[in-house]
1. Looking at the range 166-206, which of its residues are hydrophobic (A, V, I, L, M, F, W, C), farther than 20 Å from THR239 by Cα and not in a helix (DSSP H, G or I)?
2. Under 8 Å between Cβ atoms, at least 6 apart or on separate chains: pull out the pairs that start in the range 172-201 with a residue that is small (Gly, Ala, Ser) and end on any residue that is surrounded by 10 or more Cβ atoms within 10 Å (Cβ to Cβ) and part of a loop (DSSP other than H, G, I, E, B).
3. Given the structure, is MET267 farther than 24 Å from PRO186 by Cα, surrounded by 16 or more Cβ atoms within 10 Å (Cβ to Cβ), under 38 Å from the mean Cα position of the chain (by Cα) and not β-branched (Val, Ile, Thr)?
4. Go through the residues of the range 231-245 one by one and say whether even a single one is touching a strand residue (DSSP E or B) at 6+ places or on another chain (Cβ under 9 Å), surrounded by fewer than 12 Cβ atoms within 10 Å (Cβ to Cβ) and in a strand (DSSP E or B).
5. In the range 209-233, what residues are farther than 19 Å from SER184 by Cα and under 34 Å from the mean Cα position of the chain (by Cα)?
6. Take the residues of the range 58-97 that are hydroxyl-bearing (Ser, Thr, Tyr) and under 23 Å from VAL116 (Cβ atoms): which is surrounded by the fewest Cβ atoms within 10 Å (Cβ to Cβ)?
7. Do we find that ALA276 is exposed (fewer than 13 other Cβ atoms within 10 Å of the Cβ) and either at pLDDT 90 or above or within 22 Å of PHE165 (Cβ to Cβ) (or both) in this structure?
Amino acid sequence: MTEYRRTKPRDRSERLYRALLHAYPKDFRDEFGDAMVEFHRDRLSALGPRLSAFERIWGLARVWTHVVADLLRNALPARAESILRRIRKRADERTALRETPSLMHVTKEDFMLSSVIQDIRFALRAMRRSPGFSFTVLATLALGIGASVATFSAVNGVLLKPLPFRDPARLVRLQHLEPYQTVSEPEFVDYRRDAKSLGKLAAYNEASAMISASGAGAEPERIRVLQVTDDFFATLGTTLLLGRTFTAEEERRGGPPVVVISHGFWMRRFAGDSAAVGKQIVMNNRPRTVVGVLAPGA
């Protein structure tokens with residue numbers, strides 16, 4: 001087996017890459033180290049000298065992203081395989097000692113546990129001898145693991161975790177393509193009347209509102225609100241803790257000014273009072289009657 005050549009690195013990037021290769025076991029570096037360094041050089045050479053500063057930075061970022069991904073994907077399994085080989089070798093030596101008549105007096109200590117302890121001691125001594133390299137490897141692993149956890153959290157929240165509604169697989173969101181993304185009220189009325197493939201169709205509009213102070217010690221509060229149609233809650237399958245949802249009469253322009261409040265707002269403004277339904281709050285200088293309170297998490 002050819003020894004891993006320790007030629008002088010061409011630049012800082014290659015010096016750092018060679019340092020990261022020490023995350024692999026020695027026998028792995030001896031067999032593949034030279035090829036991996038050449039492949040890293042080819043990656044950097046592929047960027048080309050004619051790129052702009054931004055394109056070169058972006059290219060370097062992609063190269064090092066691949067380096068970190070390769071390290072996480074290959075270095076840890078290779079290191080684990082090397083440790084397992086050493087454990088198996090020690091186990092074979094223990095079996096050979098037991099089968100040798102002249103060595104039957106050897107104590108029956110756990111050779112496997114001893115091997116693991118020796119590997120841990122060796123790793124700690126190596127880290128103490130090269131603190132800079134140890135810090136680089138640990139920082140790289142921490143960044144890679146952190147990025148992987150953050151990516152999985154985002155993917156899980158957006159793609160994997162189901163929506164907190166009844167029958168989330170049957171829910172769809174409709175909107176116009178650019179530049180006419182907003183659906184007007186007459187268009188919505190037409191869609192609700194003519195769309196036969198949808199069981200229910202509801203509309204909403206995000207806005208902000210100012211809640212006036214009410215009572216001693218209260219302060220005005222700006223909150224996020226949704227202007228919705230009467231069947232909005234029925235479409236989502238949202239449950240209420242108190243009261244009811246909107247009626248068709250309240251949806252019409254000029255209808256009674258009513259609101260359905262969230263559980264958090266109910267706790268802040270009404271201190272969890274079950275008699276909040278029927279009371280009024282002043283929203284954007286206009287009194288509105290509370291007709292319902294959403295359940296926690298709704």
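The values are calculated or read from the model by the stated rules, or taken from the named source; none is laboratory data. If you're wondering where the values come from, they're calculated on a predicted model, not measured in any experiment. So basically every Cβ, Gly included, is an ideal-geometry build from the backbone, and we count neighbours across all protein chains shown.
1. Residues satisfying the conditions are LEU174, LEU177, VAL183, ALA195, LEU198.
2. ALA195/LEU201
3. no
4. No; the residues of the range 231-245 include none that is touching a strand residue (DSSP E or B) at 6+ places or on another chain (Cβ under 9 Å), surrounded by fewer than 12 Cβ atoms within 10 Å (Cβ to Cβ) and in a strand (DSSP E or B).
5. Listed by number, the residues that qualify are ALA209, MET210, GLU221, ARG222, ILE223, ARG224, PHE233.
6. For the range 58-97, the residue satisfying everything is THR95.
7. No, not satisfied.
This table checks each residue for (1) outside any loop (DSSP other than H, G, I, E, B); (2) within 22 Å of LYS200 (Cα to Cα); (3) in contact (Cβ under 8 Å) with a residue 24 or more places away in the chain.
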{"site": "ARG222", "(1), (2), (3)": "yes, no, no"}
{"site": "GLU249", "(1), (2), (3)": "yes, yes, no"}
{"site": "ARG253", "(1), (2), (3)": "no, yes, no"}
{"site": "PHE265", "(1), (2), (3)": "yes, no, yes"}
{"site": "VAL282", "(1), (2), (3)": "yes, no, yes"}
{"site": "GLY292", "(1), (2), (3)": "yes, yes, yes"}
